[in-house]
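The values are calculated or read from the model by the stated rules, or taken from the named source; none is laboratory data. It should be emphasised that the depicted structure is a prediction, and the values quoted were computed from it without experimental measurement. A quick note on method: Cβ atoms are made from the backbone with ideal geometry, for glycine too, and the neighbour counts reach across all protein chains shown. SASA here: full protein model, heavy atoms, side chains in, ligands and nucleic acids out. Shrake-Rupley method; radii C 1.70, N 1.55, O 1.52, S 1.80 Å.
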Amino acid sequence: MLQISNKKRGFTVLNLSIGAMDKEKLEEVKIQLQQWLNEAQEFVREIPPPQLYAAIGVVLFTVLFFLIIRLFKRRSSNAILLTGLSGSGKTVLFYQLRDGSSHQGTVTSMEPNEGTFVLHSETSKKGKIKPVHIVDVPGHSRLRPKLDEFLAQAAGIVFVVDAVEFLPNVRAASEYLYDILTKASVVKKKIPLLILCNKVDKVTAHTKDFIRRQLEKEIDKLRASRTALSSADITNEFSLGVPGEAFAFSQCQNKVTVAEASGLTSDIAQLEQFIREHVKA
């Protein structure tokens with residue numbers, strides 16, 4: 001027992017010694033900081049008032065300038081997002097816009113393709129042309145959340161639909177489109193959306209008017225079912241349409257238009273027109 005007591009006393013003395021050393025170091029730091037503060041004050045007093053005011057003004061102006069630049073960059077929207085179900089032809093359209101290349105068959109993306117470039121159709125034009133930032137967002141259901149990463153910079157969204165295989169996928173396409181149209185960032189910023197009916201060069205392709213009507217009908221059904229479960233619906237912050245009326249894209253707070261294209265035959269004029277309407281050359 002005596003040995004244990006002695007050990008405890010030894011630890012106590014050691015702890016007190018360490019505590020005393022810490023207090024001494026802290027006191028030294030305080031003294032040093034006070035000295036530096038006094039020296040800084042003396043230095044400022046020696047500066048003539050006009051020069052001091054000028055220096056402060058330069059510092060404040062520089063800080064304000066960089067804050068404005070950062071704010072502008074955050075708010076600048078110059079990206080066009082290509083999205084839609086997997087297999088709708090988004091990646092083919094991306095390459096057509098970039099370099100006019102024709103990809104035969106299906107090109108499936110598992111990671112976003114993005115690039116900033118002058119549209120291929122504009123490369124022969126004279127004068128300075130503003131490049132566009134195009135993002136091809138994968139259409140696989142597990143990868144769709146990647147769309148949210150780019151919405152802050154979006155000047156427009158292109159929802160690509162396979163006009164040939166439309167009917168078997170109308171429900172899935174409508175659900176994805178509904179989710180996009182009810183996103184808070186899309187509604188608040190009123191990001192324009194183009195429903196692009198791709199592969200219209202095929203004989204069996206549906207017309208853009210037929211596709212529009214079918215999407216409106218399916219979204220109307222979704223709206224009714226999801227409104228009934230609104231208490232459990234935490235992903236969508238905004239509702240679509242006008243209560244008591246059949247849904248139409250004209251009721252959306254952001255502008256929704258429909259156009260046609262064919263990536264494999266380079267018929268993308270309507271897509272390019274949408275891009276240049278929202279990212280000026």
For this session: Would you tally the residues in the range 145-162 being open to solvent by 60 Å² or more (accessible area, probe 1.4 Å) and in contact with a Ser or Thr (Cβ under 9 Å, 6 or more places away or on another chain)?
Result: 2
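Residues are listed down the side, and each one gets a yes or a no for (1) more than 21 Å from residue 97 (Cβ to Cβ); (2) in contact with a Phe, Trp or Tyr (Cβ under 7 Å, 6 or more places away or on another chain); (3) not small (Gly, Ala, Ser):
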| residue | (1), (2), (3) |
| --- | --- |
| 138 | no, no, yes |
| 148 | yes, no, yes |
| 151 | no, no, yes |
| 159 | no, no, yes |
| 165 | yes, no, yes |
| 174 | yes, no, no |
| 177 | yes, yes, yes |
| 181 | yes, no, yes |
Problem set entry | Check on residue 141, part of a loop (DSSP other than H, G, I, E, B), under 17 Å from residue 88 (Cα atoms) and either modelled with pLDDT under 85 or open to solvent by 30 Å² or more (accessible area, probe 1.4 Å) (or both) | yes
Problem set entry | residue 265 being under 20 Å from the mean Cα position of the chain (by Cα) and modelled with pLDDT under 95 | no
Exercise. Given the conditions (1) at pLDDT 95 or above; (2) open to solvent by less than 40 Å² (accessible area, probe 1.4 Å), and given that residue 165 satisfies all but one, which numbered condition is not satisfied?
Worked result: (2)
Exercise. Is at least one residue of the range 213-224 β-branched (Val, Ile, Thr) and at pLDDT 95 or above?
Worked result: yes
Exercise. Can you tell me which of 259, 281, 248 is modelled with pLDDT under 95 and open to solvent by less than 80 Å² (accessible area, probe 1.4 Å)?
Worked result: 281
For this session: Given the conditions (1) more than 23 Å from residue 268 (Cα to Cα); (2) among the aliphatic types (A, V, I, L, M); (3) over 18 Å from the mean Cα position of the chain (by Cα), report the number of the one that residue 164 does not fulfil.
Result: (1)
Exercise. Do you know which residues across the range 24-82 are modelled with pLDDT of 70 or more and charged (D, E, K, R)?
Worked result: 24, 25, 27, 28, 30, 39, 42, 45, 46
